[in-house]
Amino acid sequence: MPFELFVALRYLRDGRVQTWLILAGIGVGVGVIIFLSALIVGLQASIIDRTLGSQAHIVVRPPEEMPRVLPVPDGDMRATEVQRPPQRIRAITSGKQVEVRLRRLPGVVAVAPTAAGPALAVRGPGTISVTIRGIELETYRTIVDVESRLVDGSFDLAGFHAVVGTELADKLGIGVGGRIRLQVSGGRGGTYTVSGIFDYGSRSLNEGLVFVSLRGAQTLFALEGGFSTLEVRVDDIFEADRLAAGIQDRLGLVADSWMAQNRDLMTGLRSQSASSVMIQVFVILAVALGIASVLAVSVVQKAKEIGILRATGTRTVSVTRIFLLQGAILGTAGSFIGIVLGTVLALFFASLARNPDGSATFPVALTTFLYGRSVAVALVEGCCRPSFPPGTRRAWTPPR
Amino acid sequence: MAESILRVEGLTKTYGERVVTRVLRGIDLELEAGEFCALTGPSGSGKTTLLNLVGLLDRVTRGKIFLQGRNTVPLDDDERTDLRGHTLGFVFQFHHLLPAFTALENVMLPLLSRHGRRKPWMTERAAELLDDVGLSDRARYKATDLSGGEQQRVAIARALVMDPLLVLADEPTGNLDTQTGEQVMALMRRSNETRGTAFLVVTHDDGVARHCDRKVHMVDGAVDSDTGRGGEE
């Protein structure tokens with residue numbers, strides 16, 4: 001065993017109380033960081049997952065129709081009023097080509113063409129306003145995992161089949177196999193058989209969204225094979241805003257990111273992240289101060305022992321190594337304790353409360369990155385401590 | 001004429017910048033191989049300061065210190081540590097063993113530090129020295145479990161483990177009762193005679209000084225008398 005490691009281990013073994021105090025300090029610090037981070041990151045991931053579980057990261061649609069104002073000859077201007085034309089469901093020009101261009105954009109994972117618009121769902125005397133979303137299941141499932149939300153029936157959209165939400169099914173009193181009429185403006189419509197019922201976990205979506213086939217929706221909205229929207233999935237959800245702006249600039253289409261559609265949520269998440277960072281900083285500070293105070297007591301004793309080591313021929317670099325090794329050992333062991341403590345605490349907390357669907361009320365995200373970062377913090381804390389005693393400087397005292 | 005192992009020329013040491021305290025005032029001293037020399041004087045005469053300077057534990061203000069003919073003043077910290085490690089041994093008043101280690105490990109410490117890793121011959125060498133100082137049965141005891149006299153004997157074994165040319169002892173019996181002090185001095189004397197190791201022993205105890213062949217007496221940071229060297233006054 002190398003001399004420095006031999007001395008470092010012996011010092012740690014000999015200074016039992018001090019060693020355990022520092023280990024406990026680092027362990028509790030790392031544990032708290034892991035627990036808090038896992039909880040906050042888990043909650044954020046859960047909120048984002050629930051939000052994005054029912055919507056695309058970016059929705060691309062045609063620009064709104066604006067009135068064309070004819071030029072008026074000079075001198076003839078009188079009072080004028082320019083009225084905005086009512087918006088109608090329109091297809092994206094050259095939708096297929098746009099879809100191909102979107103797929104090629106860096107950061108874009110999947111694109112699904114859809115045809116969507118307002119309609120009335122009618123069954124007997126019951127009439128409810130809904131949004132029809134015409135999809136091709138093969139492409140749309142790459143954007144939103146709709147099939148996992150199915151609570152009854154199957155996701156069959158072939159021909160005149162539709163999938164409706166639980167709320168709509170309740171209000172219209174239908175189940176799988178029941179029939180409803182979907183009526184759009186211009187008198188067009190059709191009678192659809194309900195093949196499945198979904199639950200998005202959102203009352204408004206469960207009541208107001210009806211899935212039909214893309215072809216069926218194109219016919220209903222007279223899009224003649226066009227797409228009213230292109231829904232996009234990206235690899236980094238927090239890059240959606242930037243990508244949407246790029247799409248808007250390049251293609252001249254309107255592109256709304258999920259972040260733009262959920263501004264309040266984003267503000268909340270950012271505030272939560274900031275408070276999490278603050279808590280972690282103060283925890284690290286508290287642990288570091290705790291360790292420093294423990295070490296302050298041993299400084300005098302160490303100065304004397306360093307003096308003995310130096311007098312017996314130990315070089316400065318060896319003395320430094322001894323203390324760095326002690327720090328590294330304490331950091332590693334302390335972070336191991338902290339990982340176990342934080343993980344147990346997080347899993348215990350997550351098991352305390354459950355949602356009706358069985359998922360954790362307080363989901364935790366225990367990731368390799370989180371563990372890695374916590375270990376790094378512990379090692380830095382451990383290895384910074386040797387700079388505190390005078391051993392690494394020339395402040396050692398010659399023995400008397 | 002024996003080889004000179006230590007030569008001190010015009011050694012001056014001052015402390016403080018605004019209020020300057022002159023602790024040593026131009027000391028000249030020479031020590032030959034195998035000498036057993038006492039450094040005496042009243043408290044505050046500069047004995048320990050001189051020992052620390054000679055032991056390369058402190059820096060001189062002015063003057064030169066030659067160890068085996070090599071001027072040590074311009075050396076950097078690591079060079080001084082290396083030179084100290086294989087030329088000098090130390091015995092302190094309060095023995096200064098490392099409490100976390102056993103008697104055997106304390107004796108081995110300079111060897112471990114110099115060679116980086118523990119080797120079987122180091123254990124043998126340390127055990128042999130502990131045997132020499134009569135502590136072979138205490139080898140596995142922790143330093144804190146030994147009596148004062150035993151700790152000082154371990155410190156002597158540690159000072160000798162590198163086969164130094166010169167052992168610097170600062171009040172080696174100052175913390176021991178008379179009988180144990182006598183034993184420790186006899187032990188150092190025996191090492192001096194059998195190994196040829198030179199000793200420079202700081203003491204203000206005349207009883208201790210009587211064990212030495214030569215006596216350098218210091219007063220107010222200067223050498224007041226140097227007796228016994230080759231019959232000189």
Legend entry - Index of the failed condition, A:Pro63 passing every other in (1) part of a helix (DSSP H, G or I); (2) away from chain B (no Cβ under 14 Å); (3) at pLDDT 85 or above; (4) surrounded by fewer than 17 Cβ atoms within 10 Å (Cβ to Cβ): (1)
Inset, instruction - Mind listing whichever residues of region B:40-57 are within 11 Å of the chain's Cα centre (by Cα) and in contact (Cβ under 8 Å) with a residue 40 or more places away in the chain? - result: B:Thr48, B:Leu51, B:Val54, B:Gly55
Legend entry - Residue selected from region B:52-67 under the condition within 12 Å of chain A (Cβ to nearest Cβ) and assigned to a loop (DSSP other than H, G, I, E, B), by the criterion surrounded by the most Cβ atoms within 10 Å (Cβ to Cβ): B:Leu56
Inset, instruction - Considering only region A:131-168, state which residues are in contact with a helix residue (DSSP H, G or I) (Cβ under 9 Å, 6 or more places away or on another chain) and either on the phi > 0 side of the Ramachandran plot or buried (at least 23 other Cβ atoms within 10 Å of the Cβ) (or both). - result: A:Ile132, A:Gly134, A:Ile135, A:Tyr140, A:Leu157, A:Gly159, A:Ala162, A:Val163, A:Val164, A:Gly165, A:Leu168
Inset, instruction - Only residues that are more than 30 Å from B:Arg195 (Cβ to Cβ) and outside any loop (DSSP other than H, G, I, E, B): list them for region B:1-51, please. - result: B:Gly10, B:Thr12, B:Lys13, B:Thr14, B:Tyr15, B:Thr21, B:Arg22, B:Val23, B:Arg25, B:Gly26
Legend entry - Any hit, region A:5-16, residues being in contact with a Leu (Cβ under 7 Å, 6 or more places away or on another chain), under 30 Å from A:Arg310 (Cβ atoms), of a type in the set (Val, Ile, Thr) and within 14 Å of another protein chain (Cβ to nearest Cβ): no
Inset, instruction - Could you grab me the full set of residues in region B:73-94 that are buried (at least 19 other Cβ atoms within 10 Å of the Cβ) and facing chain A (nearest Cβ under 9 Å)? - result: B:Thr81, B:Arg84, B:Gly85, B:Leu88, B:Gly89, B:Phe90, B:Phe92, B:Gln93
Inset, instruction - Return the total of residues in region A:348-393 being at pLDDT 70 or above, basic (Lys, Arg) and surrounded by 14 or more Cβ atoms within 10 Å (Cβ to Cβ). - result: 1
Legend entry - strands (runs of 3 or more DSSP E) within region A:166-215 that include 1 or more residues polar (S, T, N, Q) and under 21 Å from A:Arg141 (Cβ atoms): A:189-198, A:209-213
Legend entry - Filtered residue count, region A:260-274, keeping only those that are aliphatic (A, V, I, L, M) and within 18 Å of A:Leu230 (Cβ to Cβ): 1
Inset, instruction - Filter region B:112-121 down to residues that are part of a helix (DSSP H, G or I) and more than 9 Å from every other protein chain (Cβ to nearest Cβ) and give me whichever is farthest from the chain's Cα centre (by Cα). - result: B:Pro120
Legend entry - Unmet requirement for B:Ala100, which otherwise passes all of (1) surrounded by 14 or more Cβ atoms within 10 Å (Cβ to Cβ); (2) part of a loop (DSSP other than H, G, I, E, B); (3) more than 9 Å from chain A (Cβ to nearest Cβ): (3)
Legend entry - Among the candidates B:Ala169, B:Ala157, residue that is assigned to a helix (DSSP H, G or I) and within 28 Å of B:Asp82 (Cα to Cα): B:Ala157
Inset, instruction - All but one of (1) outside any helix (DSSP H, G or I); (2) at pLDDT 70 or above hold for A:Ile329, so report the exception by its number. - result: (1)
Legend entry - Output for region B:160-192, where each listed residue is touching a Gly at 6+ places or on another chain (Cβ under 6 Å), buried (at least 24 other Cβ atoms within 10 Å of the Cβ) and modelled with pLDDT under 85: B:Thr173
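The values are calculated or read from the model by the stated rules, or taken from the named source; none is laboratory data. The structure displayed is predicted, hence computed values, not measured ones. Methodologically, a virtual Cβ is constructed for each residue, glycine included, from the backbone with ideal geometry; neighbour enumeration extends over all protein chains shown.
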